[in-house]
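Quick notes on the structure that follows.
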C-alpha cells in the first residue's frame, strides 16, 4: 500500500516535517490496528515544533480524524502549510495546526461526508443517521478553528465550498498566506547585490597596486 505521509527533517532549519501527499489512506483505517499505530509511533519518535505540508484531495475520514487528534495532542507547536490542495478529509487534518498557512495558489474544499450503502430502507436510514453524525464531528473541528457558527459551517459543507487562500483566511480556516516576492524585496536584493559588486571591484583595484590618484579616478567612474 502506497504511504500517503512521510516524516522528514528540513535541511536548513533542522525542524521536523510531516508531508501528507495524495489520497489519505488508500484503504480505510477502520478496524486497522497497524496503520494508525505506525503513524503514532513515527510521530512520537521526535520532538520539537512540527511543520505539516498538505497536498491532498482527501480520503478516509477515520484516518483524518485520528491524525487530527494525534496532531492536536502533539507536545510541540504544529504549523500546517498547504501548498496545493487540502480538500475533504485533508481539510480536517489542516484544522489541527496552531497556525494554518496557505500558498497564494492553494485551495481548500469542505463538503458533506459520503458513503456507500446497500440494503433496505432501514439500512438506508441508518446510513443517513451515521452520515449526519460524521458531519457533526467534522463541524466540531471546523468550529474550533474558525469560531464560526455551526449552522453556517453546515451550510458551507452542504454547498461544497471551494476556497482560495484569501477566502479561507476571511472565513477563519487559514491564518496566513505565504508571502511571495514584492517590489520592495526585489529592490532591496538589487541594492545589496550592487553594494556587494562595488566592494569586490574596490578590493580588486586595490590588489592591482594602482596609484592613489588612479584609484580615485576609477572609483569616481564607478559612481557615475
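Only one of 54, 85, 93 is part of a helix (DSSP H, G or I), under 26 Å from residue 161 (Cβ atoms) and either outside the structural domain of residue 157 (by TED's automatic domain parsing) or in contact (Cβ under 8 Å) with a residue 12 or more places away in the chain (or both). Can you tell me which? First the steps, then the outcome.
On the way: 54 fails: part of a helix (DSSP H, G or I); 85 fails: part of a helix (DSSP H, G or I).
None of the others qualify; the one that does is 93.
Go through the residues of segment 115-127 one by one and say whether even a single one is within 23 Å of residue 58 (Cα to Cα) and at pLDDT 85 or above. No. With the condition kept exactly as written, say whether any residue in segment 65-74 is in contact with a strand residue (DSSP E or B) (Cβ under 9 Å, 6 or more places away or on another chain), modelled with pLDDT of 95 or more, in a loop (DSSP other than H, G, I, E, B) and closer than 20 Å to residue 172 by Cβ. No: segment 65-74 contains no residue that is in contact with a strand residue (DSSP E or B) (Cβ under 9 Å, 6 or more places away or on another chain), modelled with pLDDT of 95 or more, in a loop (DSSP other than H, G, I, E, B) and closer than 20 Å to residue 172 by Cβ. Among the residues here, residue 55 does not qualify as at pLDDT 95 or above, surrounded by fewer than 12 Cβ atoms within 10 Å (Cβ to Cβ) and out of contact with any helix residue (DSSP H, G or I) (no Cβ under 6 Å at 6 or more places or on another chain).
Given the residues 60, 21, 49, 41, which is the only one that is free of Cβ contacts under 8 Å to residues at least 24 places away in the same chain and assigned by TED's automatic domain parsing to the domain that holds residue 130? Spell out the reasoning first.
Numbers: 60 fails: free of Cβ contacts under 8 Å to residues at least 24 places away in the same chain; 21 fails: free of Cβ contacts under 8 Å to residues at least 24 places away in the same chain; 49 fails: free of Cβ contacts under 8 Å to residues at least 24 places away in the same chain.
Result: 41 is the single residue among 60, 21, 49, 41 that is free of Cβ contacts under 8 Å to residues at least 24 places away in the same chain and assigned by TED's automatic domain parsing to the domain that holds residue 130.
Which one is surrounded by the most Cβ atoms within 10 Å (Cβ to Cβ), of the residues in segment 68-82 that are free of Cβ contacts under 8 Å to residues at least 60 places away in the same chain and touching a helix residue (DSSP H, G or I) at 6+ places or on another chain (Cβ under 8 Å)? Looking at residues that are free of Cβ contacts under 8 Å to residues at least 60 places away in the same chain and touching a helix residue (DSSP H, G or I) at 6+ places or on another chain (Cβ under 8 Å), I get 80.
Could you list, in sequence order, all residues of segment 108-128 that are under 16 Å from residue 87 (Cα atoms) and either in contact with a helix residue (DSSP H, G or I) (Cβ under 7 Å, 6 or more places away or on another chain) or part of a helix (DSSP H, G or I) (or both)? Talk me through it step by step, then tell me what you get.
Residues of segment 108-128 that are under 16 Å from residue 87 (Cα atoms), as a first pass: 108-114.
108, 109, 110, 111, 112, 113 - these are the residues of segment 108-128 that are under 16 Å from residue 87 (Cα atoms) and either in contact with a helix residue (DSSP H, G or I) (Cβ under 7 Å, 6 or more places away or on another chain) or part of a helix (DSSP H, G or I) (or both).
Among the candidates 42, 26, 17, the residue that is assigned to a loop (DSSP other than H, G, I, E, B) and either within 17 Å of residue 98 (Cα to Cα) or more than 18 Å from the chain's Cα centre (by Cα) (or both) is uniquely 26.
Would you check if residue 154 is surrounded by 16 or more Cβ atoms within 10 Å (Cβ to Cβ), more than 21 Å from the chain's Cα centre (by Cα), assigned by TED's automatic domain parsing to the domain that holds residue 62 and farther than 12 Å from residue 88 by Cα? So residue 154 passes the test.
The values are calculated or read from the model by the stated rules, or taken from the named source; none is laboratory data. All figures in this text were calculated on a predicted structure; none of them were measured in a lab. For neighbour counting, all protein chains shown are included, and Cβ atoms are generated from backbone atoms with ideal geometry for every residue, glycine included.
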